[in-house]
Amino acid sequence: MKKEGQEAIIQMHQVHKRFRTSRGIVHALNDINLEIFAGEVVTIIGPSGSGKSTCLRCINRLETIDSGDIIVDGIPLKGKHNVNQIRAEVGMVFQSFNLFPHKTVLENIMLAQRVVRKRRKSVASEKAHMLLQKVGIPEKADAYPSQLSGGQQQRVAIARALAMDPKIMLFDEPTSALDPEMINEVLDVMQDLAREGMTMVVVSHEMGFARAASDRTIFMDGGKIIEQNDPDNLFDHPQHERTQAFLSKIL
């Protein structure tokens, strides 16, 4: 939440991003201006193709922008050195779990700690065990990804991201690949992180999570931020007719 005189931990100023497709140029992000503050949980909603995931991927330079500025934790997102600096402080969880299938759960969580953070094996292992406890699957340390349910794999992916001690967590539709009965186990972990004060930006179709855990909800369409507000006001009293039309179909 914003405090008096506080600078945003994520700043996007006049950001544009275009993709060339077989159908022509798609303006995926069109003049995005956004500030997110430390400890804030922001959920981005909107129809498919509205620019939600592109917005998220630009924050840690998985996509490069065409123009504008992105500043993360005071670091301008320009140059290879800055990109590596930022990625060390920003955890990201994707739709697909992206676990190494030939490594155990414990080894998956330890790997980046050892390579990027240069932690000793004993320290990385202790951290991994602690995080498996945190996400509710301490008994799965020696299992391989193929032996886990989708919900368990996604919780391992969250633990792996948290192992780097990030200041910011980005979630790109983290429950979209899960069976319905597995969704809540992942959302429960995310809600715990929100309660602990983790800065989170979440692209999601889970309106219940957006309402329960977010400080702010952003509605995007056509590469633009159409409307943003606290969840209760955005869901109950949307101001823009496009927001109203979208919510009328999903609520």
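The values are calculated or read from the model by the stated rules, or taken from the named source; none is laboratory data. Here the structure is a predicted model, which is why all the values come from computation and not from measurement. Every residue, glycine as well, gets a Cβ built from its backbone with ideal geometry; the counts of neighbours run over all protein chains shown. The area values use the complete protein model at the heavy-atom level, side chains included, leaving out ligands, DNA and RNA. Shrake-Rupley method; radii C 1.70, N 1.55, O 1.52, S 1.80 Å.
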Completion exercise
Checked against (1) of a type outside the set (D, E, K, R); (2) open to solvent by less than 50 Å² (accessible area, probe 1.4 Å); (3) without any contact (Cβ under 8 Å) to a residue 24 or more places away in the chain, His240 satisfies every condition except (2)
Practice task
Please enumerate the residues belonging to segment 207-216 that are crowded, with 20+ Cβ neighbours inside 10 Å, of a type outside the set (A, V, I, L, M) and in a helix (DSSP H, G or I).
Solution key: Phe209
Handout entry: Single residue of Phe235, Phe219 found to be surrounded by 21 or more Cβ atoms within 10 Å (Cβ to Cβ) and either in contact (Cβ under 8 Å) with a residue 40 or more places away in the chain or touching a helix residue (DSSP H, G or I) at 6+ places or on another chain (Cβ under 7 Å) (or both)
Key = Phe219
Exercise for the section: Please name all residue pairs, on different chains or six or more residues apart, with Cβ atoms under 8 Å, provided the first residue is in segment 71-86 and is under 13 Å from Val15 (Cβ atoms) and touching a residue at least 24 places away in the same chain (Cβ under 8 Å) and the second residue is open to solvent by 30 Å² or more (accessible area, probe 1.4 Å) and among the small types (Gly, Ala, Ser). Expected result: none
Practice task
State all residues of segment 56-93 that are over 20 Å from Arg117 (Cα atoms) and part of a strand (DSSP E or B); if no residue qualifies, say none.
Solution key: Ser67, Gly68, Asp69, Ile70, Ile71, Pro76
Problem - Filter result for Ile65 (touching a residue at least 12 places away in the same chain (Cβ under 8 Å) and open to solvent by 40 Å² or more (accessible area, probe 1.4 Å)) - result: yes
Problem - Test: Lys118 is within 27 Å of Ala38 (Cα to Cα) and in contact with a Ser or Thr (Cβ under 7 Å, 6 or more places away or on another chain) - result: no
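For segment 98-105, check the following and say yes or no: at least one residue is among the aromatic types (Phe, Trp, Tyr) and in contact (Cβ under 8 Å) with a residue 60 or more places away in the chain. Break it down into steps so the answer makes sense when it comes.
We begin by selecting, within segment 98-105, every residue among the aromatic types (Phe, Trp, Tyr); these are 100.
This time we only want the ones that are in contact (Cβ under 8 Å) with a residue 60 or more places away in the chain, so: none.
Scanning segment 98-105, I find no residue that is among the aromatic types (Phe, Trp, Tyr) and in contact (Cβ under 8 Å) with a residue 60 or more places away in the chain, so the answer is no.
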Handout entry: Hits in segment 1-55 - residues which are β-branched (Val, Ile, Thr), within 23 Å of Ala194 (Cα to Cα) and outside any helix (DSSP H, G or I)
Key = Ile9, Ile10, Ile36, Val41, Val42, Thr43, Ile44, Ile45
Handout entry: segment 1-55: number of residues that are of a type in the set (D, E, K, R) and under 17 Å from Phe171 (Cβ atoms)
Key = 2
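Okay, residues lined up against (1) closer than 17 Å to Arg155 by Cα; (2) open to solvent by 30 Å² or more (accessible area, probe 1.4 Å); (3) part of a helix (DSSP H, G or I):
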residue	(1), (2), (3)
Ala177	yes, yes, no
His205	no, yes, no
Gln228	no, yes, no
Phe246	no, no, yes
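Yes or no, residue by residue, for (1) of a type in the set (S, T, N, Q); (2) part of a loop (DSSP other than H, G, I, E, B); (3) open to solvent by less than 90 Å² (accessible area, probe 1.4 Å); (4) modelled with pLDDT under 95:
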position	(1), (2), (3), (4)
Pro101	no, yes, no, no
Asn108	yes, no, yes, no
Lys118	no, yes, no, yes
Ala124	no, no, yes, no
Ala157	no, no, yes, no
Completion exercise
Considering residues that are at pLDDT below 90 and of a type outside the set (S, T, N, Q), the number found within segment 62-99 is 11
